[in-house]
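Some notes on the structure that comes next.
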Amino acid sequence: MINVRAKICGIRSESDLRAVVAADADAAGFISGTTHFSEDELDVERARRLSRLVPASMERVLVTHLTDAGDVLRLADRIDVDCIQLHGLISLDTVRAVQRDAAGRRVIRAVHVTGPEAVGAAVRAAPNCDGLVLDSRSADRLGGTGRTHDWSISARIVDLLAESEFPVMLAGGLNPRNLTAAIDAVGPSWVDVNSGVDDSRGDKDPANCSDFVRAAHAVAALNAAPARLRAE
């Protein structure tokens with residue numbers, strides 16, 4: 001049974017956080033420590049203040065581009081998060097070092113799906129972390145591109161890791177309108193959105209957040225329903 005969880009990333013204000021909490025998202029993402037452009041980057045103090053407002057039922061995720069394990073771990077400690085999402089261009093040794101000293105936090109490694117080579121990168125990364133996020137990228141952005149990638153490549157990665165039930169999150173250009181198709185095509189255990197639920201000012205739109213989370217959770221509900229009801 002697919003049980004799809006939803007993370008909403010790029011939270012930068014209390015109003016953003018209220019929209020995410022009201023939507024009943026499973027995780028809230030705070031971007032801090034970047035090497036590539038992100039209009040949603042937070043300084044440490046603001047990220048820490050927002051992280052402390054997240055309800056206990058929701059996972060708090062640091063999304064960072066930092067490439068030194070010590071820097072990553074110190075930032076996670078200062079912001080006070082439950083999960084570290086390594087979204088930068090980092091080595092497997094760095095991922096191992098972060099996981100080794102993560103003090104119980106989940107460590108997720110980003111794999112940027114720019115072509116078939118992402119399959120090998122994902123398979124090599126999986127033994128060294130607690131989950132993968134498959135995202136799009138561009139020349140100046142390591143995430144938050146608003147662009148989808150080749151979902152058939154991501155689906156192949158999910159299939160290769162399915163036997164071990166390894167958690168895979170799908171990101172990149174997702175929004176409430178294309179989410180169901182994306183889940184059908186890839187079969188991820190998590191989905192991740194940032195700009196796809198923003199309003200014209202770049203703030204989180206409450207209705208979009210709710211629609212996104214509802215669409216993700218509906219997949220689990222559909223798969224849990226008796227076969228007769230699914231057929232109807």
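Nearest 500 deg cm²/dmol is fine: what mean residue ellipticity at 222 nm does the chain get from its DSSP H runs of n ≥ 4 alone, each adding -39,500 (n - 2.57), divided by its residue count?
-11000 deg cm²/dmol
Could you point to the residue in Cys209, Ala56, Ala28 farthest towards the positive end of the chain's charge dipole, with +1 and -1 charges on the Cβ of Lys/Arg and Asp/Glu respectively?
Going by the charge dipole, the pick is Ala56.
Dipole of the chain, Cα-centred, from +1 at each Lys and Arg C-beta and -1 at each Asp and Glu C-beta, to the nearest 20 debye? Display every interim value, and only then the final one.
Numbers: 27 positive and 33 negative charges, 50 e Å.
Here the chain has a charge dipole of around 240 debye.
Roughly how many nanometres apart are two label points built 7 Å out from the Cα toward the Cβ at Asp184 and Ser152?
1.7 nm
Got a number for the accessible area of Leu53? Probe 1.4 Å, square angstrom, nearest 10.
Leu53 exposes around 90 Å² with every protein chain in place.
If ligands, DNA and RNA are left out, what is the accessible area of Leu132 with a 1.4 Å probe, given in Å² to the nearest 10?
0 Å²
Compare Glu39, Glu59 by solvent-accessible area with a 1.4 Å probe and give them largest first, with all protein chains kept in place.
So the residues, ranked largest to smallest area, are Glu39, Glu59.
Between Asp43 and Asp130, how high is the FRET efficiency from 1/(1 + (r/R0)^6) when r is the Cβ-Cβ distance and R₀ = 30 Å? Nearest 0.05.
Working: r = 27 Å, r/R0 = 0.89.
Efficiency, from the Cβ-Cβ distance: 0.65.
Work out how much length Ala56 to Arg100 would gain on full extension: take 0.36 nm times their residue separation and subtract the Cα-Cα distance, in nm to one decimal.
Values: separation 44, 0.36 × 44 = 15.84 nm, distance 2.43 nm.
Net length gain for the segment: 13.4 nm.
In what order, largest first, do Glu163, Glu14 sit by accessible area if the probe radius is 1.4 Å?
Details: Glu163 180, Glu14 95 Å².
Largest to smallest exposure gives the sequence Glu163, Glu14.
Stretched out fully, how many nm does the piece from Leu160 to Ser91 gain, at 0.36 nm a residue minus the Cα gap?
Numbers: separation 69, 0.36 × 69 = 24.84 nm, distance 2.17 nm.
Fully extending the segment from Leu160 to Ser91 adds 22.7 nm.
Alpha carbon centre of the stretch 1-68 versus the stretch 186-207: separation in Å?
About 12 Å separates the Cα centre of the stretch 1-68 from the one of the stretch 186-207.
What's the magnitude of the charge dipole for the stretch 72-129 around its Cα centre, counting Lys and Arg as +1 and Asp and Glu as -1 at the beta-carbon? Answer in Debye, nearest 20. Write down the numbers at each step before the final one.
Numbers: 8 positive and 6 negative charges, 16 e Å.
Dipole magnitude for the stretch 72-129 comes out near 80 debye.
Measuring with a 1.4 Å probe in the full set of protein chains, what accessible area per residue, in whole Å², belongs to the chain?
Normalised by residue count, the accessible surface of the chain is 45 Å².
Of all the accessible heavy-atom surface of the stretch 1-150, with the other protein chains kept in place and a 1.4 Å probe, what percent is carbon and sulfur?
Using a 1.4 Å probe with all protein chains present, the stretch 1-150 comes out at 46 percent carbon and sulfur.
Applying 1/(1 + (r/R0)^6) with R0 = 25 Å to the Cβ-Cβ distance of Asp77 and Asp24, what FRET efficiency is obtained, to the nearest 0.05?
Plugging the Cβ-Cβ distance into 1/(1 + (r/R0)^6) gives 0.35.
The values are calculated or read from the model by the stated rules, or taken from the named source; none is laboratory data. From a predicted model like this one, the values you see are computed outputs, not experimental measurements. All Cβ positions, even for glycine, are placed from backbone atoms using ideal geometry, and neighbour counts span all protein chains on display. Just the protein is used for accessible areas: all its heavy atoms, side chains included, with ligands, DNA and RNA removed. Shrake-Rupley method; radii C 1.70, N 1.55, O 1.52, S 1.80 Å.
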